[in-house]
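Notes follow once the structure below has been shown.
The values are calculated or read from the model by the stated rules, or taken from the named source; none is laboratory data. As the structure is a computational prediction, the values presented were derived from the model and not from experiment. Counting neighbours? That spans all protein chains shown, and the Cβs are built from the backbone with ideal geometry, glycine included. Only protein heavy atoms, including side chains, enter the accessible area calculation; ligands, DNA and RNA are left aside. Shrake-Rupley method; radii C 1.70, N 1.55, O 1.52, S 1.80 Å.
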Amino acid sequence: MSDIPQYEQTVALQSAVFHPFDGHPAMPAQMNSPFYYEPHPLCLEARRQALPLIKALMQDETEGKMFGVLIVERSEDGACGYLTGYSGQIRGRSDWPGFVPAVFDYLQPDGYFKQHEAAITAINRQVEQLEQQPERLQALEALAEAKREAGNTLSDMQRTMFEARERRRARRAEGGLTADEEAVLIRESQFMKAEYRRRKKQYAATIDGLIAASEAYEEPIRTLKAQRRQQSDALQRWLFEQFQMLNAQGERRNLIDIFRDTSLRVPPGGAGECCEPRLLQYAYAHQLRPVQMAMFWVGPSPSVEIRHDGRFYPACRGKCLPILRWMLGEEKAAGCDTAAAQQQPAAELPIVYEDADLVVVNKPAGLLSVPGISEYYSVLSIMRHRYPDVDSPFTVHRLDQPTSGLLLVAKTRQAYRELQRQFQEREVKKRYEALLETDAWTGADERIIDLPLYSDPLNRPYQSVDPERGKQAKTLVRYLGQTDGHARVALFPLTGRTHQLRVHCAHPSGLANPILGDNLYGLREARRLYLHAASITFRHPRTGEPMTLTAPAPF
């Protein structure tokens, strides 16, 4: 039997990176924005044709991968076809046949990167060996024990001193003290303070000696760590300099230069390895005119992010936006042509309750709570126009743009501060209703989902489940039955994290059933996000009267 892996046998006759279409399909005139798009029919066809190649590559993978297709036109003969690529590496390789290669392949076994990476790995081993020295561990344990003993003893002495002081105060309060008795009380106080200072000084000397003993082991470790950090930073900089990104004019800029003027200042790890820059780099280097691109997930979802097999996704903004701005040009890469910007403002903003202190509105789906970067029209802008003479209306909390339902707006600063306090102390109770993508429901009709959420600054607005960096997020879920083939649930957020309800419904460790119409974490398309803030309970900011307001879900 051949030693060639099964995948390589499968693609042996398909190793060409340019995959031509049959005939000459009608090509779009302009490149789409990779940050907001509906997949063009040619991208759908390219994915269909590429899937056998992709499935062969992914057959033994336990976690999925982001793939992309780029529709291109060959300059030499006008032939139309597509390129396909993937982000990062698969089984340690970024050069599998049939896919565009990495912009810079730094994984060559004997290359510069691997040699210097091996040197850094050797330092890691040295650090681990030094950290595990029995003598060092004994010295650290002795230091820790001395600190514990000092802390406990001095704490006990402080407590004894406090109790003695209280007894002296009580005795003096009784009156009738003789001069000799007063002298005894004073000597007791002086003795206890002196004894405390003596023991404190004694422990300090002991601890200083143990610190000095442990320093003999810590100094070489610190030296190695500093050496490792210096070599790692130098290797990372070298790597970013090797990523020479092309644009349509054939000009090149490395990642250091591309990210210099961004808020990050330096490229984040993995920059340049996503499939979008790879696809464009290959096209520009081989005189292929980019026409349309689309990215999609293949395989099981990772444990942190929510990704659905076959779902199309936009490019990440943290890593890709600065790079694609250079490669495509500012206008095409900006991705500002969002559905939100194209949407017409809501004709009316229904008011559920109003008095001199606050107003509660029933926000329609698609309307912003506060002005966005590219849109001014919002609940707040409407309120400011409607109440020009009040102190200034303040939105006390927010709802996601696609979420409908009850939203509190304060008319005075005093009302705003009090309602904010109630939110911060979790006194406000909210109830949402949602339809889920499927009618699947197993287990108890009521459950609590507790999944910590982390907002990755490199991939906003997506939230990920991250036990280490995430903030606690808890949701009470109550099953309400079925509606037209969809499970209907009531959602009670016990914390208030961004996208909490959407992630808790979609994540495999949550309900594993996304909210219908969720274009970030779901799979099925729908006319809207079927999530509605149906009830809110709070205390009136001036009178303290408990208030519960409701607005039935419009679905």
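For Tyr432, state whether it is assigned to a strand (DSSP E or B), under 20 Å from Ile536 (Cβ atoms) and not hydrophobic (A, V, I, L, M, F, W, C).
It is true that Tyr432 is assigned to a strand (DSSP E or B), under 20 Å from Ile536 (Cβ atoms) and not hydrophobic (A, V, I, L, M, F, W, C).
Each row is one residue, and each column tells you yes or no for (1) modelled with pLDDT of 90 or more; (2) under 17 Å from Ala315 (Cα atoms).
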{"residue": "His19", "(1), (2)": "yes, no"}
{"residue": "Gly23", "(1), (2)": "no, no"}
{"residue": "Ala26", "(1), (2)": "no, no"}
{"residue": "Pro34", "(1), (2)": "yes, yes"}
{"residue": "Tyr37", "(1), (2)": "no, yes"}
{"residue": "Ala46", "(1), (2)": "yes, no"}
{"residue": "Met58", "(1), (2)": "yes, no"}
{"residue": "Gly68", "(1), (2)": "yes, yes"}
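Read through the list (1) open to solvent by 80 Å² or more (accessible area, probe 1.4 Å); (2) touching a helix residue (DSSP H, G or I) at 6+ places or on another chain (Cβ under 8 Å), then give the number of the only condition that Glu241 fails.
Result: Glu241 passes all but (1).
For the structure I just gave you, tell me whether Gly544 is crowded, with 19+ Cβ neighbours inside 10 Å and not hydrophobic (A, V, I, L, M, F, W, C).
For Gly544, the condition - crowded, with 19+ Cβ neighbours inside 10 Å and not hydrophobic (A, V, I, L, M, F, W, C) - is not met.
Identify, please: which residue in region 473-497 is buried (at least 21 other Cβ atoms within 10 Å of the Cβ) and touching a Ser or Thr at 6+ places or on another chain (Cβ under 9 Å) and is, among those, nearest to Ala534 (Cα to Cα)?
Checked region 473-497; the qualifying residue nearest to Ala534 (Cα to Cα) is Leu491.
Right, Gln249: of a type in the set (S, T, N, Q), closer than 20 Å to Pro34 by Cα and open to solvent by 70 Å² or more (accessible area, probe 1.4 Å) or not?
yes
Yes/no per residue for (1) over 13 Å from Phe67 (Cα atoms); (2) free of Cβ contacts under 8 Å to residues at least 60 places away in the same chain; (3) open to solvent by 20 Å² or more (accessible area, probe 1.4 Å):
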site	(1), (2), (3)
Thr262	yes, no, yes
Gly269	yes, yes, yes
Cys275	no, no, no
Pro302	yes, no, no
Ala315	no, no, no
Ile323	yes, no, no
Gly329	yes, no, yes
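Listed here are the residues, each with its yes/no results for (1) modelled with pLDDT of 95 or more; (2) surrounded by fewer than 13 Cβ atoms within 10 Å (Cβ to Cβ).
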| site | (1), (2) |
| --- | --- |
| Ala170 | no, yes |
| Ala173 | no, yes |
| Gly176 | no, yes |
| Glu182 | no, no |
| Gln202 | yes, yes |
| Thr206 | yes, no |
| Ile221 | yes, no |
| Ala226 | yes, yes |
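Which one of these is charged (D, E, K, R), open to solvent by 40 Å² or more (accessible area, probe 1.4 Å) and touching a residue at least 12 places away in the same chain (Cβ under 8 Å): Arg539, Arg527?
After ruling out the rest, the residue left standing is Arg539.
So Gly92 fits all but one of (1) under 30 Å from Asp60 (Cβ atoms); (2) surrounded by 12 or more Cβ atoms within 10 Å (Cβ to Cβ); (3) touching a residue at least 12 places away in the same chain (Cβ under 8 Å); (4) within 32 Å of the chain's Cα centre (by Cα); what number is the exception?
(2)
Take the conditions in contact with a strand residue (DSSP E or B) (Cβ under 6 Å, 6 or more places away or on another chain) and open to solvent by 60 Å² or more (accessible area, probe 1.4 Å) and apply them to Tyr416. Does it pass?
yes
Can you find even one residue in region 74-87 that is in a loop (DSSP other than H, G, I, E, B) and either under 30 Å from the mean Cα position of the chain (by Cα) or of a type in the set (A, V, I, L, M, F, W, C) (or both)?
Yes, region 74-87 has at least one match.
Which of the residues that make up region 513-555 are within 15 Å of Leu491 (Cα to Cα) and polar (S, T, N, Q)?
Hits for region 513-555 are Asn513, Ser535, Thr537, Thr550.
Yes or no: Phe259 modelled with pLDDT of 90 or more and under 20 Å from the mean Cα position of the chain (by Cα)?
Considered against the rule, which asks whether it is modelled with pLDDT of 90 or more and under 20 Å from the mean Cα position of the chain (by Cα), Phe259 comes out as no.
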